[in-house]
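Read through the structure below, which is laid out as structure tokens, and then see the notes.
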Amino acid sequence: MQHSSLKILTIVGARPQFIKAAAVSRIARSLEHITEVLVHTGQHYDQNMSDVFFTELDIPKPNYHLGIGSGTHGIQTGKMLGAIEEVLVKEKPDWVLVYGDTNSTLAGALAATKLHIPIAHVEAGLRSFNRKMPEEINRVLTDHAANLLFTPTEVANQNLYKEGIASNLIHLVGDVMYDASLYYVKKAELASHILDSLKLQPQKYILSTIHRAENTDTSDRLTAIIEALSKLSQEILVVLPLHPRTKKILKDLQMLDKIPETLRLIDPVSYYDMILLEKNSKMIVTDSGGIQKEAYFYQVPCITLRDETEWVELVDAGWNHLVAPTSSSEIYQKIKNQMCQPIPSSTNNLYGDGTAASKILEVL
Ligand code: UD1
Ligand code: UDP
């Protein structure tokens, strides 16, 4: 089929968005009629939170780097809004493409909708139904501003129908993170030496990540999580690549120095290293959205330290278990109990067939 030329402006800014955008951008670059302009808001800026993903995943250098950096929600989102508007006025794209639920997502959607530029939202329709989460507000507002909503699951479609979004705007394409995992896992296996460099043996450690505001910004919850992981680590090594947000708060609470060596805090790792750490772990304990799914992609049981999850199908299928991180003894006990359970029988294709990116570009 003959396609007319198309200019897409992609907005990214935070770690998971680099991975999602890498999957779509790779296919976009293989299509002659598509031009992609890449905008990095600068929400994440440490080398190991940003540049490492561009190099490793072969994402082109952003055409615009806005250098916004950290700030309160209002300041950060507001600065992005103004800076993105300038780029949109100059570039006049046919579509603005935004991913997920961060402040970069919302700023991109707001800037575009005010200029009447159509918005495509990838990972639309996810809901935790907890309006206290900044991510929930970001995704609801972005979905309602979007002109095309690319959903990963049927549950996401149902959420959007219930909010009155017209069904002809919604396209169930699967999950772009699944596309990414299929494409990069082989490369990761060849390139990453993380197990050797950390002297880890497969199945002999638990992998954990903690960064959500609802867990880090309440000292009771963060303390309960760290105490539980510390106790657990006396029995099985726990490896915790530490998000800068969590590191800063642990430092402020003067907790960093009190953590036992068996709870191994390491700097954030590259995507390839993360894939290897995930694949070889006995269990994953996390509050990350992306890592809950990756646990399932690599068939590793997962405990999610949150009150609710957007990825409900993982809980229904027995791959993920929710544990509200309120008491350290309860977290510890639930992880221990779960480690004795058999691995769930495999469920295939909860997140599509690995061609979400191609489907998105076809619809656009
Ligand atoms: C953001 C997203 C969250 C997503 C996460 C992925 C919002 C509201 N939240 O949370 O949904 O799950 O990214 O990782 O958009 N910092 C650094 N260096 C960096 C980046 C951050 O030191 O490169 C520190 C700063 O102290 C900053 C804090 O981390 O204030 C929080 O960063 P921010 O981007 O505001 O939110 P995240 O917690 O990363
Ligand atoms: N990730 C990574 N290195 C790390 C931690 C996470 O490459 O040290 C990857 C992880 O594999 C997943 C994505 O980052 O693909 C998830 O991002 P994060 O947990 O920061 O955000 P969320 O998915 O919760 O929004």
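A few comments on the model shown:
- Within a Gaussian network of the chain (alpha carbon springs, distance under 10 Å), most fluctuating of Val89, Val269, Val37: Val89
- Estimated Rh, region 169-208: Kirkwood, alpha-carbon pairs, angstrom: 12.9 Å
- The residues His116, His211, His121, when put in order of fewest to most other Cβ atoms within 10 Å, stand as His116, His211, His121.
- Lys92-Ser329 pseudo-label distance in nm [points 7 Å out on the Cα-to-Cβ vector]: 6.8 nm
- Value of [θ]222 nm, deg cm²/dmol, for the chain, DSSP H segments ≥ 4, -39500 (n - 2.57) each, nearest 500: -13500 deg cm²/dmol
- Local electrostatic count at Ala109 - Lys and Arg +1, Asp and Glu -1, tallied over other residues with Cβ under 11 Å: 0
- Note, ³J(HN,Hα) from phi for region 217-228, Karplus 6.51, -1.76, 1.60, rounded to Hz, x at Gly and Pro: 8, 10, 5, 4, 5, 4, 4, 4, 5, 5, 5, 5
- The chain: Rg to Rh, with Rh as the Kirkwood radius over Cα pairs: 0.95
- Value of relative contact order over the chain, rounded to a whole percent, pairs C-alpha under 8 Å and six or more apart: 15 percent
Read-outs: derived from the displayed coordinates by stated rules, not from any lab. Note that the structure is a prediction, hence the values are computed from the model and not measured. Please note: Cβ atoms are built from the backbone with ideal geometry, for glycine as well, and neighbour counts cover all protein chains shown.
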